[in-house]
Amino acid sequence: MNLNAQVCCDGCGALATDEHLCLRVARLELATRFRPIHIDALILIPSPFPRFGDYFYKPAESPADRGAESQTFFRGVLSAAGVDTLQGRDERVLLEEFQRTGCFLASWSECPPDNAQISFDDTLGNLAPSVVRRIKFSYRPKRIIPISHHLAPYLSAFREAGLTDIVMLKDGKPIAMPDLGNPAKMDGFRAELAAVLGKTAPRAGSASQT
Ligand SMILES: [Zn+2]
């Protein structure tokens with residue numbers, strides 16, 4: 001693995017290895033495949049899961065491909081958007097249905113935390129200008145739905161960019177990232193996200209893994 005000392009990753013600002021850059025491109029390609037032409041709701045999380053197999057837009061070939069926490073999050077977000085996530089449905093189909101709802105999930109840092117030089121929160125702060133550019137000139141969503149308290153300190157960047165009116169918050173704050181180790185905690189998250197998305201709350205059990 002070569003460290004390209006001169007190459008900073010566009011997606012996260014870290015000095016990047018070849019592997020890091022390849023994975024970033026692979027994630028971009030997958031996300032592009034399922035990106036709506038016109039994005040209604042941009043769901044914004046701090047960063048992707050560390051493991052590539054857990055990437056939101058990487059359809060699992062078998063249930064074991066996606067780890068438990070990624071599985072919980074994936075199903076929670078999709079069901080909040082009104083997608084039927086009953087076990088056994090092909091993830092490609094689920095992602096296509098999610099695409100048709102006009103929702104797109106993106107992350108503030110396009111890569112998992114991979115910068116030993118600075119804290120992840122500082123990374124998020126440094127990326128604010130590029131996130132604003134991505135939103136204004138690429139995604140151009142009708143609404144932005146930030147998830148996780150990690151994003152709260154940086155939402156002022158949206159104010160300065162004139163995006164405040166389309167940022168959807170819950171009680172003035174981003175929707176909290178649920179405890180993904182506890183699927184039972186997902187009901188509240190799904191209901192909050194469904195409410196912000198203006199979708200009917202998913203029926204009970206539709207996002208369970210059983
Ligand atoms: Zn990166």
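Here, each number is a calculation from the coordinates, and none is a lab measurement. For clarity, every value in this text was computed on a predicted model and none was experimentally measured. Backbone-built Cβ (ideal geometry, glycine too); neighbour counts: all protein chains shown.
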| Beta bridges per DSSP with both ends in the chain, % antiparallel, nearest 5 | 20
| remark: Dividing the helical contributions, -39500 (n - 2.57) per DSSP H run of n ≥ 4, by the residues of the chain yields a 222 nm value, nearest 500 deg cm²/dmol, of -10500 deg cm²/dmol
| field | About the Cα centre, charge dipole magnitude for region 4-113 (Lys/Arg +1, Asp/Glu -1 at Cβ), debye | value | 120
| note | In this structure, the FRET efficiency calculated for D65 and A116 from their beta-carbon separation, with R0 = 30 Å, to the nearest 0.05, is 0.60
| Of L193, A161, G13, farthest towards positive along the dipole that unit charges on Lys, Arg, Asp, Glu beta carbons give region 3-197 | A161
| remark: Exposure proxy check on V83, V7, V25: fewest-to-most Cβ neighbours within 10 Å is V25, V7, V83
| note | The residues T72, T32, sorted from fewest to most surrounding Cβ atoms within 10 Å, come out as T32, T72
| field | Debye log10 I(q)/I(0) for the chain, one point scatterer per Cα, at q = 0.08 Å⁻¹ | value | -0.26
| said: Suppose every Lys and Arg Cβ carries +1 and every Asp and Glu Cβ carries -1, with no other charges. What dipole size does the chain come out with about its Cα centre, to the nearest 20 debye? | reply: 660
| field | Which of C8, C111, C103 has the fewest Cβ neighbours within 10 Å, and the rest in rising order | value | C8, C111, C103
| task | Identify, among I144, A60, P178, the residue whose Cα sits farthest towards the positive end of the charge dipole of the chain, taking +1 on the Cβ of Lys and Arg and -1 on the Cβ of Asp and Glu, with the dipole about the Cα centre. | result | I144
| said: What does the extension gain come out to for E19 and D90, with contour length at 0.36 nm per residue minus their alpha carbon separation? | reply: 22.7 nm
| Over the chain, what is the mean sequence separation of C-alpha contacts under 8 Å (at least six apart), divided by residue count, expressed as relative contact order in percent? | 27
